[in-house]
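Contents: one structure, followed by commentary.
The values are calculated or read from the model by the stated rules, or taken from the named source; none is laboratory data. As the structure is a computational prediction, the values presented were derived from the model and not from experiment. Cβ coordinates were reconstructed from backbone atoms using ideal geometry, including for glycine residues, and neighbour counts include every protein chain displayed.
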Amino acid sequence: MDNSSEMILRVAGLQSLIDLLRAQAWVVVGPTVRDGAIVHAPIESVDQLPRGIGDLQDGGSYRLRQRGDEALFGYSVGPQGWKSLLFPSRELLWSGQRDGADVAVEPAVVDPPRLALLGVRSCDLHAIAIHDRVLTERAVPDAAYAARRDNIFVVAVTCSDPGGTCFCVSMGTGPVPDRGFDLALTELLDPAGHRFLVVPGTARGAQVLDELRALAADEAAMPADEPDRLAARDVGAQAALRMGRALDVDGIRDLLYANTEHPQWEDVASRCLACTNCTLVCPTCFCTSVDDVGDLTGSTTERWRVWDSCFNTDFSYLHGGSVRSSVSSRYRQWATHKLASWVDQFGTSGCVGCGRCITWCPAAIDITAEVAAIRSRED
Amino acid sequence: MADQSRPKLAVWKFASCDGCQLTLLNCEDELIPLAGEVEIAYFPEATRAVIEGPYDVSLVEGSVTTDADAERIHEVRRVSRRLITIGACATSGGIQALRNFSDVAEYRSVVYAHPEYIQTLARSTPIAAHVTVDFELHGCPIDSGQLLEVLAAAVQDRRPRIPSYSVCVECKRRGAVCVAVAHGTPCLGPVTQAGCGALCPAYARGCYGCFGPQDTPNTQSLADRLHVQGMTEPNILRFFRSFNAGSEPFRHESEQHEEAAL
Ligand code: SF4
Ligand code: SF4
Ligand code: SF4
Ligand code: SF4
């Protein structure tokens, strides 16, 4: 895209963008505060965004804080990725009805909503790209995921204030959105005023900007000039210097493969609760199981697909028992899958450095620290 | 419709509050289909009609707290083809198992005007401590959906689909914000078995452990974490000592904090 399609929006212009997307029959889903965290919910107004709210994140700890400014995107990623929208935690696959000896099977109807995702961070764009590969680019594509995926419009945002557990720089996935968006925003809060540089990433995104230009008031949406671009570049560059965590990925695949019997796995197992939180908040984990829900009379049944996790005992249940009965083997499976075997399986790391598994682990277990411990005491 | 092929169901009560049996009565819409699938042969809470044993399925609520109960449970086992215990009392001794950590004779003398009328055992014990149990359904009270699943499985002669993973799984599936991480509220969810749908965390409360321990509960790690977050030793002890105080992992963990709590 050439520079001429870039725009500056004031807060009123951001509202015009939300209005325009809604007028085009998109349900705009954006960040908002609920129960002491920033979560995603349908929004209609910029007033629902977390104005002036930031976060403090560390292993096993998350708190909102007042920033003392007007930033609308001055927080880093919250507990939910966009996974729950594109790959829901519970999904009907089919239902069946028995009539005498006959069984009629009814596949579930997939009727995906048109979602405009507002405020998607770079790590999460990479996570969505990973899910695309895992769920749609293999022998049997996940049709329901693909249908939902085809019905989203993505408005990304550059991270300005990374969280205490972020390490996207180590993983090469952020903090500046580089792909996978229709529009990308960078929020600017400098003496030139509260405004957003908007860059289109697709022809569809550019068209929305054209329409916005025609629609919004002159003082709310205007052409971007060079100082705006420089300021926006600086936001990303500063953010990259303030990662809360780092992971040395040099030779990490071979490191983990060579250390399957490292004593650190037992050490982490003494702390790990086998609670599954890390996997369920991880935006790339995709494991599920199925629940067959029958009625008492045995005449109807429903097959539901539900999120599962390699931390559950029954996840590795084969005939006669669970293969991974020890928690150390489950933690090793998680870390090794994310950082090593994922590369063999899908060609990239399975970790985008969002830090959610660290923040939302009730036992404050930190994958970057565990890997560092293995590296420092290699057998 | 008393055809011979319908399995006979009996519901038995030991020391309990009746809440779990009420869960069965509260199944409302499912009660009529249930009555079509099983013959409700013995259920004093619901009907006075009694059909003689033996029974195909017995649901047992409550714990064993008296000599008479300790004898009666063998009788129940004898007349039951499949014995399923329901609720925290039957599966772990219930809230009344708090007596297991104190001196019952002393309570008796302090609380009752005529302690000599009270006949009770020193400990409240789960049914499985006395007889072989075919399936244990946890919860205080049990979940009606899970109860119907267990009954359907018994009727259809298959394994019940009752997960033994943690409450956190249900908490994350429903999109609740973790109260432990985001609010610093003590939560037993990581060591507790799912079944309630993460009811309390969804209302910004910590899990109380109603469904007993999950299949691989690391209570020590959770206790360490609570300690770091400022919970006192007496409170950690009490945290593990509620409806499922008598379950092995929770009992063991609470006892680790006895000395420091004195
Ligand atoms: S492993 Fe952890 S840091 Fe990496 S993508 Fe998953 S949740 Fe984020
Ligand atoms: S880490 Fe575990 S839950 Fe996540 S994708 Fe791998 S096996 Fe599945
Ligand atoms: S690493 Fe943390 S979040 Fe993951 S299962 Fe263990 S205790 Fe739970
Ligand atoms: S609120 Fe409790 S049950 Fe829910 S994820 Fe957190 S620790 Fe687990």
Quick one: in region A:258-302, of everything that is without any contact (Cβ under 8 Å) to a residue 24 or more places away in the chain and over 30 Å from A:A101 (Cβ atoms), which residue is surrounded by the fewest Cβ atoms within 10 Å (Cβ to Cβ)? A:S270
Hey, can you tell me all the residues within region B:180-219 that are more than 8 Å from chain A (Cβ to nearest Cβ), within 7 Å of ligand 4 (Cβ to nearest atom) and in a helix (DSSP H, G or I)? B:P201
What do you reckon, is B:I95 surrounded by 20 or more Cβ atoms within 10 Å (Cβ to Cβ) and either within 14 Å of another protein chain (Cβ to nearest Cβ) or farther than 20 Å from B:F135 by Cα (or both)? yes
For region A:81-107 the number of residues that are within 17 Å of A:R149 (Cα to Cα) and modelled with pLDDT under 95 is 1
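Taking the condition buried (at least 22 other Cβ atoms within 10 Å of the Cβ), within 20 Å of the chain's Cα centre (by Cα) and within 16 Å of ligand 1 (Cβ to nearest atom), does A:W360 pass?
Details: buried (at least 22 other Cβ atoms within 10 Å of the Cβ): yes; within 20 Å of the chain's Cα centre (by Cα): yes; within 16 Å of ligand 1 (Cβ to nearest atom): yes.
Criteria met by A:W360.
What helices (runs of 4 or more DSSP H) lie completely within region B:8-83 and have 3 or more residues being within 14 Å of another protein chain (Cβ to nearest Cβ)?
Counting at least 3 such residues, we get B:31-37.
Considering only region B:166-179, how many residues are in a helix (DSSP H, G or I) and either in contact with a Pro (Cβ under 6 Å, 6 or more places away or on another chain) or within 8 Å of chain A (Cβ to nearest Cβ) (or both)? Steps first, answer last, please.
Just the residues of region B:166-179 that are in a helix (DSSP H, G or I), to begin with: B:167-173, B:179.
Retained after the next criterion (residues that are either in contact with a Pro (Cβ under 6 Å, 6 or more places away or on another chain) or within 8 Å of chain A (Cβ to nearest Cβ) (or both)): B:168-169, B:171-173, B:179.
So the answer is 6.
To keep it simple, each residue is scored yes or no on (1) without any contact (Cβ under 8 Å) to a residue 24 or more places away in the chain; (2) within 14 Å of chain B (Cβ to nearest Cβ); (3) farther than 29 Å from A:R245 by Cβ; (4) over 19 Å from the mean Cα position of the chain (by Cα).
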position	(1), (2), (3), (4)
A:S4	no, no, yes, yes
A:P31	no, yes, no, no
A:H40	no, yes, no, no
A:E44	no, no, yes, yes
A:R65	yes, yes, no, yes
A:G96	no, no, yes, yes
Under the condition of being in contact (Cβ under 8 Å) with a residue 40 or more places away in the chain and more than 14 Å from the chain's Cα centre (by Cα), which residue from region B:130-151 is surrounded by the fewest Cβ atoms within 10 Å (Cβ to Cβ)? B:T132
Set B:G189, B:G212: member being on the phi < 0 side of the Ramachandran plot and small (G, A, S): B:G189
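Tell me whether region A:157-167 contains one or more residues that are part of a strand (DSSP E or B) and within 14 Å of the chain's Cα centre (by Cα). Show your work before the answer.
Taking region A:157-167 as the starting set, the residues that turn out to be part of a strand (DSSP E or B) are A:157.
Okay, now just the ones that are also within 14 Å of the chain's Cα centre (by Cα), so A:157.
Yes, region A:157-167 contains a residue that is part of a strand (DSSP E or B) and within 14 Å of the chain's Cα centre (by Cα).
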Within the bounds of region A:312-333, is there any residue that is more than 16 Å from ligand 4 (Cβ to nearest atom) and under 19 Å from the mean Cα position of the chain (by Cα)? no
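With B:P160, B:P141 as the choices, which residue is more than 14 Å from every other protein chain (Cβ to nearest Cβ) and of a type outside the set (D, E, K, R)? Spell out how you get there, then give the answer.
Numbers: B:P160 fails: more than 14 Å from every other protein chain (Cβ to nearest Cβ).
Criteria check complete, one pass: B:P141.
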Within region A:307-319, does at least one residue satisfy the condition of being within 14 Å of B:V169 (Cβ to Cβ) and exposed (fewer than 14 other Cβ atoms within 10 Å of the Cβ)? yes
Can you say whether A:L93 is in contact with a Gly (Cβ under 8 Å, 6 or more places away or on another chain), farther than 29 Å from A:L215 by Cα and assigned to a strand (DSSP E or B), as far as the supplied structure shows? no
First in region B:177-199 and within 11 Å of A:D35 (Cβ to Cβ), second anywhere and within 16 Å of ligand 1 (Cβ to nearest atom) and among the polar types (S, T, N, Q), Cβ under 8 Å, 6 or more apart: B:C178/A:N277
Residue pairs, Cβ under 9 Å, 6 or more apart or interchain, first in region A:349-360 and within 20 Å of B:C178 (Cβ to Cβ), second within 13 Å of ligand 3 (Cβ to nearest atom) and of a type in the set (K, R). List them. A:C357/A:K338; A:W360/B:K172
Within region B:145-168, the residues that are more than 16 Å from ligand 3 (Cβ to nearest atom) and aliphatic (A, V, I, L, M) are B:L147, B:L148, B:V150, B:L151, B:A152, B:A153, B:A154, B:V155, B:I162
Considering region B:220-238, residues that are in contact with an Asp or Glu (Cβ under 9 Å, 6 or more places away or on another chain) and more than 14 Å from every other protein chain (Cβ to nearest Cβ), and then whichever is farthest from B:I95 (Cα to Cα), we arrive at B:E233
Would region A:263-274 turn up any residue that is within 14 Å of another protein chain (Cβ to nearest Cβ) and in contact with a strand residue (DSSP E or B) (Cβ under 9 Å, 6 or more places away or on another chain)? yes
Does B:G62 satisfy the condition of being at positive phi and in contact with a Pro (Cβ under 7 Å, 6 or more places away or on another chain)? no
